[in-house]
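Note sheet for the following structure.
The values are calculated or read from the model by the stated rules, or taken from the named source; none is laboratory data. Note that this is a predicted model, so its numbers are computed, not measured. Here the Cβ positions follow ideal geometry from the backbone for every residue, glycine too, while neighbour counts run over all protein chains shown.
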Amino acid sequence: MSRRSLLRALGAGAAGATLAGCGVPAAFVEPGDRAGHDSSATDHTLHFANWPLYIDTDDEDESKRPTLDAFSQRTGISVTYSEEINDNDEFFGKISPALMNHQQTGRDLIVISDWMAARFVRLGWVQEMDRAKQPNVAKYLDPQLRTPAFDEGRRHSVPWQSGITGIAYNREKLGREIRSTGDLWADDLRGRVTLLSGLDESFALLMQGNGVDITRWTADDFHTMCEQVEKRVRSKHIRRFTGNDYIKDLATGDVLACQAYSGDVIQLQADNPDIE
């Protein structure tokens with residue numbers, strides 16, 4: 001989450017975070033009030049919210065997830081796994097009212113992109129993890145990922161996976177390769193292109209296609225991109241803006257080319273090698 005790397009320099013990032021089930025005034029939760037009630041002695045269920053295609057499934061039965069099954073067998077903890085995260089802002093809107101009103105969210109672990117993880121950490125909405133009970137994290141976590149700017153000391157999050165944001169397309173249906181962002185605007189792709197809803201990912205990729213150094217972009221660069229995208233929305237060249245749900249449109253052929261996450265493309269290729 002890519003979806004995403006924890007360090008923006010590595011691409012789009014995703015972090016796993018442990019939710020705090022309580023809060024104080026309006027939004028921010030004071031450090032002393034972040035720990036939820038420890039019910040682990042009696043409640044042996046873990047509620048895990050993630051993005052689609054983000055964990056292994058059994059080749060014969062997609063409802064089975066070998067990694068989670070192995071975890072449950074080893075620990076005695078059952079996992080309620082939900083592929084409910086389609087878009088960072090959408091998910092934030094779903095659970096933030098509960099957190100702002102001192103209520104449980106019904107989720108213990110969530111996977112969100114690094115910039116959204118930063119918001120949760122800043123608001124005090126995630127609990128500090130006990131690294132003494134996570135020896136593999138302490139032992140194997142890459143030193144470059146140990147001290148992200150949004151989570152000093154990596155106390156509230158753990159990297160889930162990393163990847164890049166790029167372009168995916170169905171080569172068989174399209175009949176050619178797509179080699180640049182400019183190729184998305186070919187006339188025969190009108191209405192068959194989607195962009196990601198997150199501006200940090202969608203606009204960064206498109207500005208790169210315009211030759212902009214995205215480490216030094218200006219307000220003029222941004223407004224130019226806004227105008228270009230708005231024009232293509234009005235002309236109906238851009239079908240829509242998506243979260244992770246672009247995977248359905250790409251798999252069915254309703255969309256021929258789209259902005260996509262590298263991890264998703266790898267998973268889609270297992271069922272359709274024509275997706276690149």
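Tallying residues that are exposed (fewer than 14 other Cβ atoms within 10 Å of the Cβ) and under 20 Å from the mean Cα position of the chain (by Cα) within segment 64-88 yields 3.
Within segment 225-247, if we keep just the residues that are basic (K, R) and not in a helix (DSSP H, G or I), the residue that is nearest to E84 (Cα to Cα) turns out to be R240.
Yes/no matrix, rows are residues, columns are (1) in a loop (DSSP other than H, G, I, E, B); (2) more than 22 Å from the chain's Cα centre (by Cα); (3) of a type outside the set (S, T, Y):
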site: G106; (1), (2), (3): yes, no, yes
site: V111; (1), (2), (3): no, no, yes
site: A117; (1), (2), (3): no, no, yes
site: N136; (1), (2), (3): no, yes, yes
site: P148; (1), (2), (3): yes, no, yes
site: Y169; (1), (2), (3): no, no, no
site: E172; (1), (2), (3): no, yes, yes
site: R179; (1), (2), (3): yes, yes, yes
site: G182; (1), (2), (3): no, yes, yes
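Of the residues making up segment 200-250, those that are small (G, A, S) and closer than 19 Å to W51 by Cβ are S202, G243.
The set of residues in segment 191-224 that are of a type in the set (G, A, S), assigned to a helix (DSSP H, G or I) and more than 20 Å from G166 (Cβ to Cβ) contains only A219. Number of residues in segment 4-61 that are at pLDDT 80 or above, in contact with a Gly (Cβ under 7 Å, 6 or more places away or on another chain) and closer than 18 Å to Q103 by Cβ equals 1. Whether any residue in segment 217-235 is of a type in the set (V, I, T), in contact with a Gly (Cβ under 9 Å, 6 or more places away or on another chain) and modelled with pLDDT of 95 or more is what I want to check. Looking through segment 217-235, none of the residues is of a type in the set (V, I, T), in contact with a Gly (Cβ under 9 Å, 6 or more places away or on another chain) and modelled with pLDDT of 95 or more. Within segment 122-134, can you find the residues that are assigned to a helix (DSSP H, G or I) and in contact with a Lys or Arg (Cβ under 9 Å, 6 or more places away or on another chain)? Across segment 122-134, the qualifying residue is only R131. Being acidic (D, E) and in the same structural domain as E227 (by TED's automatic domain parsing) holds for only one residue in D130, D151, D188, D142, and it is D188. The lone criterion from (1) closer than 20 Å to E276 by Cα; (2) in a helix (DSSP H, G or I); (3) within 17 Å of the chain's Cα centre (by Cα) left unmet by D188 is number (3).
Candidates in segment 108-123 are the residues that are of a type in the set (G, A, S) and crowded, with 24+ Cβ neighbours inside 10 Å; of these, the one that is nearest to Y54 (Cα to Cα) is S113.
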